[in-house]
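One structure is given here, and the rest of the page talks about it.
Please treat every number below as a calculation from the coordinates, not as lab data. These numbers were taken from a predicted model, which means no experiment stands behind them. A quick note on method: Cβ atoms are made from the backbone with ideal geometry, for glycine too, and the neighbour counts reach across all protein chains shown.
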Amino acid sequence: TCGYCLLKRMRLAAKGRGANRLPDRITHAERTRNMTHIQTIKRPLGPTESLYFLLDQLNCLNFAVFAQIDGELSHESLTAALEAVQAEHPLLRARIVTEQQRLMFRPVPAVQYPLQASWLPWRGWRAELERQLQQPFGDEAPLLRCLAFAEQTAKGSRCVLALVFHHAIADGRSGTEL
């Protein structure tokens, strides 16, 4: 199953809507065709978003949502899932700029700023996650980082998947829903 289908199945299952109604596979061409109608975001930051952006300049306010996955997670599935998530959420294809003394979200092409997973060793994943939480995003896009920490054990494989967010685009609740 491709990452796009997997993501949709997980969301439908969580909502109790019968994930089995989805096709087993969606080709890259179909995903690309669906992405031609992608909504972009070009607007000023709201008061709370601006507050988090400005506070982040003083003390990094990044936060993380993470999950442990028992079993193997392939690079291809994770990449496809990240592409689908980025296509669905305009703020994951935006950066924050200052224009005429206002903070603005400005769209960036997902092709130039793809959401990518950094695959890192299991050992020390907590320390690396802490480092990522303290590393400002600056003016880079996307305003989300994905970290995957994998390990092979005698019982099988496991992975910790961590999404590190800039607080101007999400909070703990919306991050968890993603």
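Here are a few things to note about the model shown:
- Averaging the Cα positions of each part gives two centres, and for region 134-171 and region 87-117 these lie 18 Å apart.
- Kirkwood-Stokes translational diffusion coefficient of region 56-116, alpha-carbon pairs, 20 °C, 1.002 mPa s, µm²/s: 151 µm²/s
- For region 133-178, Kirkwood radius (reciprocal of mean inverse C-alpha pair distance, Å): 12.4 Å
- Low-density loop positions, trypsin sites (Lys or Arg not before Pro), region 53-145 - DSSP coil, at most 12 other Cβ in 10 Å: Arg123
- Surface/4 of the Cα convex hull for region 67-162, nm²: 7.0 nm²
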